[in-house]
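Each remark here refers to the structure printed beneath this line.
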Amino acid sequence: MRSPFASRALLMLLVALIVLVYGFPYAFLVSTSLKSPQAALAIPPTLLPQQLSIENYANIGEHPTVQRSFGNSIIIALLSTVITIALAVPAAYAVARYATWAGKAFLFVVLITRLIPPVAVGIPLFVIMRALGLIDTHLGVALAHSTISVPLGIWLLASFMESIPRELEEAARVDGCSRFGALLRIIIPVASGGIAVTAIFVFLASWNEFLFSLLLSSTGVKTAPIAIAEFKTQYSIQWGTMTSLAVLFSLPVIIFSLLMQKRIIAGLTVGAVKG
Amino acid sequence: MPVIRLTDRRFVLLLLAPAGCFLAIFVAYPLLLLLRNSFYEVSLYALNEGVFVGWDNFVQALGSSRVRESAARTLNYTIIALSAEFVLGFGAALLFHALGKRSEVLRTIFAFPLMIPPIVAGLLWRFMLIDNIGIVNHILETLGIIGDASDISWLGDRDLVLFSVALPNIWLTTSFVALVLYTGLQNIPAELIEAAKIDGADNWQRFRRVTVPLLRPVIAVVLILRGIDAARAFDMIWIQTEGGPRFASEILSIHIYRAMIRYGNVGEASAIATLFMLGMVLASALAFAVIWGRGTSQA
C-alpha cells in the first residue's frame, strides 16, 4: 500500500489537473482579448499575447448598437429584479410560514414551471405583449424574464425564510403588531441578506437570458446577448472584438459571484440538496 | 358594515395573490394559448386568428422525419451532456471529499465556470473549436494526437457536432454537479463509513453499499435538474451552429424556434412544443420514480 503522503500528493495532482483543464478556456478568452485583432487569429494560436493590446476593446467604440445593448440589458435586468422581488417576497413568506393547502399547491406549481421550455411559451408571450403594447419595450422583456425568475425567487426566498426563528414574529404579534406589520418590520429586515442574494440571482438570470430577448426585442431594446450573437452575422466574424465583448459581458456576473461566492453556491445548491 | 376578519387563510391567499396573478397571466395563459394553437392552423402574421384543424398538427408532427430526428438528437444531446457532467462531476466531488478541508481553494477555482454566461461559453468554445486556428486542435496537434490542425472539424462534421455543442454545456455545469454532490457527501455521517470499514468492507464495497445509496436523493435531484436544463438547451447551441451543419445539431427547441419564426408554421410548432413538454413531464416523473423511489423502498 502507498504511504498516505504519496496518495495525498497524487490526489492533489489529479485535482489540480482537473482545475487547470476547467480554468483554461476562460483564461484563454481573456488572453485572446488582449492580443491585437490580427494576432487573435494567428496560426498557430499562442497561449499568451506576444504584445499586450487593448485594440479589441477600443474597437467596441465603433459599434454604437452593441454599446446601447449593454445599457438596455442593465435597465431590463434591474426592472426584472424589482418585479420579481416585489412578487416573490410575500409569496415566499406565505409558503414558508403558513402550512396551508394553497401554499403547498403553489410551491408545486412553481416547481413545475421549470419543465417549460422557453421556446414553448415564447410565441404566446409575444401575442400577450403585443396586446399590452409592450413589444420592444424594456418592461415587456423584463416581464418575460420575470416568468423565469419569479418561481426561482420564491424557492430561494422560501428556503431563506424558513431559517428565521418563528419566535421573532410571535413576539411582535403578541406586542400588537399586525400580520402585515410583522412581515414588513420583522421578516423583511431579518431576511434582507437572503433577499439580496436572490436579487443578484434574478439580475443575473435576466442578464444572461437569450430566447425571450430574441423574440421580444427588435431594434429598440436589444439586449447585450442578442447584440453580441448578431455581431457575428452582421460583420462576418471579428473574433478579436468578439472576445473583448465576451469578457466585458461576463464581468458583472463574475464580480457579483466573487463578492458572494459562498452564498451563491449555497443558493444554487439549496433547492437541490433540500429537494 | 360587516368587518372581514383577516384569518390566517385569507392572509396567505392575499400574500400569494400578486405572484399568482402574474404567473397566471404570463405563464399559465401562454401555455393555454400554446395548447390552443396546437389545434389550429395559425400564421405568424395573424396570430389571433386561425382555423381549427383538430389533431392535424399532431399527426403532421409525429409523421415528420425531421421532427423525429430532432427528438432523437435532443435525447442524444441530453445523454451526452448529462453523462459527461455526472461522471466528471461525481469524480471531482469524490476527489474534493477525499481531500477534505484542503480542497477549499481548488473548489473555489473549480466553481468558476458557474459564473460564466451561457452565451459567452458558447462563443468561447466556438472560437476554440475552429479547425485551423482553434486552440483545441492546435493542442491536439502539439501533443501528437492529430497530424494536422485541420484534421478534426468539430462543428462542421455532422457525426461529431452533437458532441461538440455539448462541450460548453459540460464545461459550465460539471462544477454545479460536483458542488452539489460534494455537499451531499459531506452530509453522510462518518460513523456509517467507519462501521462499514470495521465490518471489513473495502473501498469499492463502501462506495457501492453505503455512499451511493445514501446519496441517492441528491443524485436524483441533480440528474433531473440537469437533465431538464440540457433537454431545454437553446442559446449555447444556437450561438455555436444555429442547428447546423444541415440540421445535425438541431435539437427540439431549435427546431420549434425555426418552425415558428423562420417558417411561420405556428400551429405545427405549437403541437411539437406541447408533445415536447409532455415528454419532459413523463421523463422527469419516471426518473424521479426510478432513482428516488428505488432508494426509499430499499431503505
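Numbers below:
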item: Verdict on A:ILE128 being β-branched (Val, Ile, Thr) and not in a helix (DSSP H, G or I); result: no
item: Count - residues of segment A:178-224 that are over 23 Å from the mean Cα position of the chain (by Cα) and not polar (S, T, N, Q); result: 11
item: Any pair with Cβ under 9 angstrom, 6 or more apart, that starts in segment A:164-185 at a residue that is more than 21 Å from B:LEU13 (Cα to Cα) and ends at one that is of a type in the set (D, E, K, R); result: A:ILE164/A:ARG97; A:ALA172/A:ARG185
item: Selection from segment B:139-152 of residues that are at the interface with chain A (Cβ under 9 Å from one of its Cβ atoms) and crowded, with 19+ Cβ neighbours inside 10 Å; result: B:ALA149
item: Hits in segment B:123-182 - residues which are of a type in the set (Val, Ile, Thr) and in a loop (DSSP other than H, G, I, E, B); result: B:ILE130, B:ILE133, B:ILE145, B:ILE146, B:ILE152
item: Only one of B:GLY63, B:GLY89 that is more than 10 Å from chain A (Cβ to nearest Cβ) and surrounded by 15 or more Cβ atoms within 10 Å (Cβ to Cβ); result: B:GLY89
item: Within segment A:118-130, tally of residues that are more than 25 Å from the chain's Cα centre (by Cα) and closer than 12 Å to B:PRO30 by Cβ; result: 1
item: Where A:ILE186 falls short, out of the listed (1) within 14 Å of chain B (Cβ to nearest Cβ); (2) part of a helix (DSSP H, G or I); result: (1)
item: Single residue of segment A:99-121 satisfying the filter (farther than 30 Å from B:ILE261 by Cβ and surrounded by fewer than 17 Cβ atoms within 10 Å (Cβ to Cβ)) that is nearest to the other protein chains (Cβ to nearest Cβ); result: A:ALA102
item: Condition check for B:VAL42: surrounded by 15 or more Cβ atoms within 10 Å (Cβ to Cβ), under 23 Å from the mean Cα position of the chain (by Cα) and modelled with pLDDT under 95; result: no
item: Members of segment B:242-275 that are part of a helix (DSSP H, G or I) and either among the acidic types (Asp, Glu) or more than 22 Å from B:ASP229 (Cα to Cα) (or both); result: B:ILE261, B:ARG262, B:VAL266, B:GLY267, B:GLU268
item: A:SER149 more than 28 Å from B:ARG258 (Cα to Cα), modelled with pLDDT under 95 and in the same structural domain as A:LEU211 (by TED's automatic domain parsing); result: no
item: Options A:ALA158, A:ALA96; residue that is at pLDDT below 90, away from chain B (no Cβ under 11 Å) and touching a helix residue (DSSP H, G or I) at 6+ places or on another chain (Cβ under 8 Å); result: A:ALA158
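Table: residues versus (1) surrounded by fewer than 18 Cβ atoms within 10 Å (Cβ to Cβ); (2) in contact (Cβ under 8 Å) with a residue 60 or more places away in the chain; (3) among the charged types (D, E, K, R).
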position	(1), (2), (3)
B:ARG232	no, no, yes
B:TRP238	no, yes, no
B:PRO245	yes, yes, no
B:GLU250	no, yes, yes
B:ILE256	no, no, no
B:ARG262	yes, no, yes
B:ALA271	no, yes, no
B:MET280	no, no, no
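The values are calculated or read from the model by the stated rules, or taken from the named source; none is laboratory data. Keep in mind that this is a model prediction, so the values were computed, not measured. Using ideal geometry, Cβ is built from the backbone for each residue, glycine included, and neighbour counts are taken over all protein chains shown.
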